[in-house]
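Structure, as structure tokens:
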Amino acid sequence: MAAVTHHPFLSSKLRLTTKPNPSRIGPTAVRMSLQETAPSLAVVGVTGAVGQEFLSVLSDRDFPFRSIKMLASKRSSGKQLTFQGRDYTVEELTADSFDGVDIALFSAGGSISKEFGPVAVERGTIVVDNSSAFRMEEKVPLVIPEVNPEAMDGIKLGTGKGALIANPNCSTIICLMAATPLHRRAKVQRMVVSTYQAASGAGAAAMEELELQTREVLEGKSPTCQIFKQQYAFNLFSHDAPVLSNGYNEEEMKLVKETRKIWNDKNVKVTATCIRVPVMRAHAESVNLQFENPLDEDTARNILKNAPGVVVIDDRASNLFPTPLEVSNKDDVAVGRIRRDVSQEGNHGLEIFVCGDQIRKGAALNAVQIAEMLL
Ligand SMILES: NC(=O)c1ccc[n+]([C@@H]2O[C@H](COP(=O)([O-])OP(=O)(O)OC[C@H]3O[C@@H](n4cnc5c(N)ncnc54)[C@H](OP(=O)(O)O)[C@@H]3O)[C@@H](O)[C@H]2O)c1
């Protein structure tokens with residue numbers, strides 16, 4: 001039987017070299033994850049970029065469970081995975097996969113979520129979905145735990161009632177982790193976001209293609225373009241999401257619509273330009289904010305320093321600010337370049353630059369935090 005193999009920037013290999021969260025697992029700590037009374041879990045899309053990160057985050061946070069099902073497509077059925085020192089066999093996802101499953105973490109794409117999410121809910125499973133399938137459905141909470149935990153009030157484990165909870169788009173999560181604490185203080189009226197998005201946002205195969213293309217270009221060969229239509233290595237291009245009739249692409253409109261839903265503010269003005277850059281892992285975003293009430297840059301910096309899940313890297317003297325590499329495999333979103341927008345009157349505008357590991361906080365970590373709120 002084949003073992004699941006991984007790109008070096010993906011979690012399972014990195015797990016060997018990164019240290020677990022020391023506040024949760026000390027060197028002599030007894031692992032408490034496997035517990036008879038804890039929920040039964042399923043990870044859907046376990047062989048993918050986000051699926052592998054789910055396992056890493058569950059482990060790092062010592063998430064309690066009594067059993068865990070490793071689910072993927074027929075292609076992966078029978079492959080072996082080692083998780084927390086135990087061997088698991090990857091199973092093909094079917095409607096019966098959810099019998100007896102309390103919480104299912106989905107990351108196998110929108111069409112799989114649409115097909116199997118409702119099936120799981122019917123069988124009493126609480127689904128935390130990473131795809132865009134249900135995000136804009138009115139009755140489905142769209143949750144960033146640090147921002148709007150109240151949206152999932154009423155969804156409880158142990159009632160036998162299934163439910164859907166949606167994880168926002170990765171760019172939205174990273175942006176709102178930084179923008180929300182400032183919004184709470186001074187109320188954002190308009191937000192202009194420009195993204196610099198990594199290969200990992202498009203999954204494990206995109207990361208492999210970037211690596212392959214980089215080698216090919218350096219060797220003078222023409223680059224293999226299977227995942228993206230154009231050369232990615234040593235280049236950048238508009239995000240590969242479909243372009244809509246208004247000229248925005250779907251990724252950009254996710255930032256617009258999801259922000260309004262998460263902030264429960266239909267009037268907030270958001271515009272975005274999303275760009276794919278040849279970075280392996282972790283997204284960067286330039287965010288321009290216009291506020292209803294004045295907010296000076298020092299107050300903003302202090303607010304961000306105290307915001308949960310945010311670190312400030314803002315060293316003007318050394319010209320040191322957040323980078324995708326710095327935040328890769330980290331939980332926190334980093335914010336820097338915090339400065340007054342000189343194009344706006346007084347203290348009604350700020351520029352910030354944000355970096356976050358979108359496989360982690362932008363996907364797996366956020367979903368596991370949602371699952372933790374169910375415990
Ligand atoms: N990458 C990110 O940063 C990110 C962030 C937020 C949300 N997401 C969302 O998460 C989802 C997965 O993204 P990813 O980046 O992890 O993609 P990926 O690396 O391409 O992984 C896709 C996963 O889905 C599984 N899958 C595909 N077809 C399936 C089927 N018919 N039945 C069951 N499983 C199937 C694959 O299994 P096989 O290995 O067997 O094919 C694999 O485990 C997408 O909806 C994506 O939009 C991704």
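Here are some notes:
- Here the sum of -39500 (n - 2.57) over DSSP H runs of 4 or more residues, divided by the residues of the chain, equals -8000 deg cm²/dmol at 222 nm, to the nearest 500.
- Look at Val342, Val354 and count the other Cβ atoms within 10 Å of each Cβ; fewest to most, that gives Val342, Val354.
- Local electrostatic count, His239, Cβ distance below 9 Å [Lys/Arg +1, Asp/Glu -1]: -3
- For the stretch 178-265, GluC sites (Glu not before Pro) meeting the loop criterion (DSSP other than H, G, I, E, B) and having at most 14 other Cβ atoms within 10 Å: Glu219.
- ³J(HN,Hα) computed for each position of the stretch 293-299 - Karplus, 6.51 cos²θ - 1.76 cosθ + 1.60, integer Hz, glycine/proline x: 10, x, 8, 7, 5, 5, 5
- Cut-off 11 Å between beta-carbons: net charge of the residues surrounding Ser107, Lys and Arg +1, Asp and Glu -1: -2
- For the peptides 184-191, 89-96, residues were scored by their other Cβ atoms within 10 Å and the scores averaged per peptide; the highest-first order is 184-191, 89-96.
- Amide hydrogen neighbours beyond the local backbone of Asp341, cut-off 5 Å, H modeled: Gly349, Leu350, Glu351
- Among Cys355, Cys225, Cys274, the largest mean-square fluctuation in a Gaussian network model of the chain, built with springs joining Cα atoms closer than 10 Å, belongs to Cys225.
- Mean Cβ count within 10 Å, highest first, over the residues of peptides 62-74, 123-135: 123-135, 62-74
- Residue (of Phe63, Thr180, Ile313) at the positive-pole extreme of the chain, dipole from beta-carbon charges: Phe63
- Point-to-point label distance, Ser111-Met373, nm (Cα→Cβ direction, 7 Å offset): 3.1
- Once the Cα atoms are used to define both axes, helix 110-122 deviates from the longest principal axis of the chain by about 60 degrees.
- Among beta bridges from DSSP that stay inside the chain, the antiparallel ones total about 45%.
- Spin-label model, Lys221 to Asp298: label points 7 Å out along the Cα-to-beta-carbon direction sit 5.8 nm apart.
- Arg190/Ile313 FRET efficiency (R0 22 Å; Cβ-Cβ; nearest 0.05): 0.30
- Table column - 3J(HN,Hα) (Hz), the stretch 53-69, Karplus curve with 6.51, -1.76, 1.60, x for Gly and Pro: 5, 3, 4, 4, 5, 4, 5, 4, 9, 6, 5, x, 8, 9, 7, 9, 9
- Cβ-derived FRET efficiency at R0 45 Å, Asn267 paired with Thr214, nearest 0.05: 0.55
- Sequence of Ser113, Ser328 once ranked by neighbouring C-beta atoms within 10 Å, starting from the fewest: Ser328, Ser113
- Share antiparallel - DSSP beta bridges, the stretch 172-359, percent rounded to 5: 70
- Computed from the C-beta positions of Gln35 and Ser73, the FRET efficiency with R₀ = 35 Å rounds to 0.70.
- Cα-based helix-to-principal-axis angle, 250-262 vs the chain, degrees rounded to 10: 90
- Orientation-averaged projected area, Cα convex hull of the stretch 172-359 (nm²): 11.8
- Where N is the number of residues in the chain, Cα Rg divided by 2.2 N^0.38 Å: 0.98
- On Cα atoms only, tilt of 204-218 relative to the major axis of the chain in degrees: 60
- Applied to the stretch 267-281, the Karplus parametrisation 6.51 cos²θ - 1.76 cosθ + 1.60 on θ = phi - 60° returns per-residue 3J(HN,Hα) values of 9, 5, 8, 10, 9, 8, 10, 10, 10, 8, 10, x, 10, 6, 8 Hz, with x for Gly and Pro.
Coordinate-derived values only; no laboratory data. Predicted model only: the values in this text are computed from it and were never measured. Note that each Cβ is placed from the backbone with ideal geometry, even for glycine, and that neighbours are counted across all protein chains shown.
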